[in-house]
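Only the coordinates and a few stated rules stand behind these numbers; no lab work does. The structure displayed is predicted, hence computed values, not measured ones. Here Cβ is always computed from backbone atoms with ideal geometry, including for glycine, and neighbour counts include all displayed protein chains.
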């Protein structure tokens with residue numbers, strides 16, 4: 001077992017459209033990122049859904065997970081809301097592509 | 001995207017007509033495709049469209065042709081297919097385009113929306129299948145969405161890091177009536193590629209360069225995609241540091257330039273591989289630290305700091321830590337870096353003379369070369385070298401994947417961008433012929449040679465029929481070593497010469513010249529060195545028909561130098577069991 005396994009919680013706003021869950025889940029699967037928990041719910045804006053994703057970062061940097069996630073056109077923004085984390089990863093515009 | 005408002009705006013029409021009007025409004029002039037049931041409604045308005053539709057013989061050919069067209073023109077290539085197997089036949093080219101960052105828009109028909117999910121005839125979840133290797137994809141079931149989706153598809157495919165986008169349209173959405181409205185703007189909350197680099201990152205990069213004593217420009221395919229070759233040359237000449245161009249970047253910097261050390265990587269030159277390994281600074285421009293370039297990553301350029309300029313933020317730090325990350329279009333990056341570097345060099349001009357002397361010594365001591373076969377048979381490297389020399393530097397070359405591909409990257413001198421098209425990331429055998437078809441359509445006045453292998457050629461040669469019937473006179477050189485040559489080379493080196501299933505017997509079957517003639521091409525053959533030049537000249541003289549030349553070459557030629565997969569670049573071999581004589585080099 002690796003010793004540098006770290007838990008992070010990401011709050012991800014996505015377009016509320018068919019297939020968006022598959023896009024996010026598929027990305028984690030094919031890039032060998034680990035999802036610990038995944039929660040999807042509505043927001044005040046019916047065109048946007050919120051995903052709360054528990055990520056176990058192992059062998060990848062959190063930055064790489066966020067950067068790959070942000071390449072999905074359906075992903076609008078990503079915040080690191082890990083309770084202890086001080087920094088907030090605002091994706092405008094550095095992680096946008 | 002066309003800037004003007006299409007005259008059809010506000011008109012009632014079918015979804016199918018709306019699709020074709022949308023493609024016209026997006027500026028499409030040619031598409032490669034093959035109809036079938038689900039996409040059939042779209043083929044009726046295609047019949048009347050100004051867009052040239054080229055009817056392929058296999059949808060994979062359409063996909064690679066779109067890729068070849070895009071790589072030559074810089075515009076999006078378009079392919080179109082029906083549902084189910086038509087769509088799945090596009091999977092390989094889409095994956096190929098994603099790996100090599102090529103802007104391609106694929107249109108597929110889907111079964112009627114009421115039948116989706118019922119395992120209907122020719123139903124395949126192509127949106128689900130292509131999610132991993134499209135930049136984005138769509139399933140359209142409402143005809144009103146067609147213009148907006150097509151506009152978005154072209155925008156996404158061609159901006160930021162280019163890539164493929166697939167639009168799957170249900171048959172009933174094509175059949176229903178709708179009002180055509182081409183969008184005046186595109187709003188995508190989740191897509192906003194960063195084009196302009198931060199000024200701080202530019203000045204950090206310039207400062208790091210001015211402090212280095214062994215810098216090297218590590219140039220990738222992004223420089224060609226961004227049309228930044230002229231700016232690159234300016235930047236290089238300001239610093240006067242050595243340059244390496246990756247497999248995807250051949251032509252981004254002239255091979256004839258004295259600062260060019262050649263291609264790095266698994267089959268790179270000793271000078272290029274060593275320049276990266278011994279550098280104290282990698283000035284990485286539109287490249288992505290691919291495993292074929294780095295070799296064993298933990299031993300790659302261990303003493304080098306890294307400037308990594310790329311338009312895709314996810315490439316920064318993916319494989320190699322970047323000391324200075326520059327996110328943005330590489331043309332804008334280089335343009336901004338030129339004055340910043342001049343200013344930094346004015347304060348501190350590093351002395352690169354020792355470093356350059358070392359690299360030039362390696363370049364002259366270990367040039368690319370090959371031995372002619374002792375039995376007097378045809379050398380594959382010589383065939384490729386002579387084709388390059390005789391056809392000249394304005395020729396566009398495509399390749400399949402394998403030994404012939406590596407020799408074509410090594411022994412042809414590339415002086416201009418967009419003259420070397422190959423399947424770098426995906427390694428798609430069969431890419432060569434259909435990509436050449438697309439390239440010739442995109443650049444009809446250029447000579448286009450496909451350097452192909454006898455294995456690759458047998459995967460996609462049916463598109464020569466398409467070429468013959470549509471006045472697309474490409475030239476194909478089959479480097480016929482009657483083997484899956486690169487796999488055979490690995491068997492020679494790593495499997496005790498046990499040639500399991502790599503012998504194709506293609507000097508016996510098929511008869512390539514007869515096959516070529518059967519497809520409406522001119523078929524030639526050459527198996528003696530003394531006939532080589534006149535055979536190439538004969539092929540060069542035929543410009544009203546595709547030409548296929550069966551070059552029957554020596555079987556045992558190998559690609560050198562070589563860094564074996566999974567080993568360190570320090571283990572580069574210039575021939576079997578032969579390392580460079582490092583002791584004689586002052587490094």
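For this structure, a couple of remarks:
- Full extension of the segment from residue B:5 to residue B:335, taken as 0.36 nm per residue of separation minus the current Cα-Cα distance, would add 115.5 nm.
- With the largest listed first and rounded to whole Å, the semi-axes of the equivalent ellipsoid of the stretch B:387-471 from the Cα gyration tensor are 18, 17, 10.
- Going from the residue with the fewest nearby Cβ atoms within 10 Å to the one with the most, B:92, B:108 rank B:92, B:108.
- Taking the centroid of alpha carbons for each part, the stretch B:443-465 and the stretch B:35-86 are 18 Å apart.
- Distance from the stretch B:356-373 to the stretch B:186-253 (C-alpha centre basis), Å: 26
- Taking the three principal axes of the alpha carbon atoms in the protein assembly as shown, the coordinate ranges are 71, 66, 49 Å, sorted in descending order.
- Using the Cα coordinates of the stretch B:158-197, the gyration tensor eigenvalues translate into equivalent-ellipsoid semi-axes of 29, 15, 8 Å, sorted from longest to shortest.
- DSSP beta bridge pairing in the protein assembly as shown, given as percent antiparallel to the nearest 5: 30
- Scattering curve values for chain B, log₁₀ I(q)/I(0), Debye with Cα scatterers, q = 0.09 Å⁻¹: -0.71
- Residues B:191, B:495, B:431 arranged by fewest to most Cβ contacts within 10 Å: B:495, B:191, B:431
- Spacing of the modelled spin labels on residue B:255 and residue B:187, each 7 Å from Cα toward Cβ, amounts to 5.1 nm.
- Partner shielding of B:524-535 amounts to 0, given as the average count of beta-carbon atoms from other chains within 10 Å of each residue beta-carbon.
- Peptide B:129-137 shows a mean partner chain C-beta count of 3 within 10 Å per residue C-beta.
- Note on the stretch B:513-587: Cα-Cα pairs beyond 15 Å make up 69% of the total pair count.
- Label-point gap, in nm, between residue B:297 and residue B:394 - each point 7 angstrom along Cα→Cβ: 4.4
- The ranking of A:28, B:494 by Cβ neighbour count inside 10 Å, starting from the fewest, reads B:494, A:28.
- Note on chain B: antiparallel DSSP beta bridges, both residues inside, total approximately 10 percent of the bridges counted.
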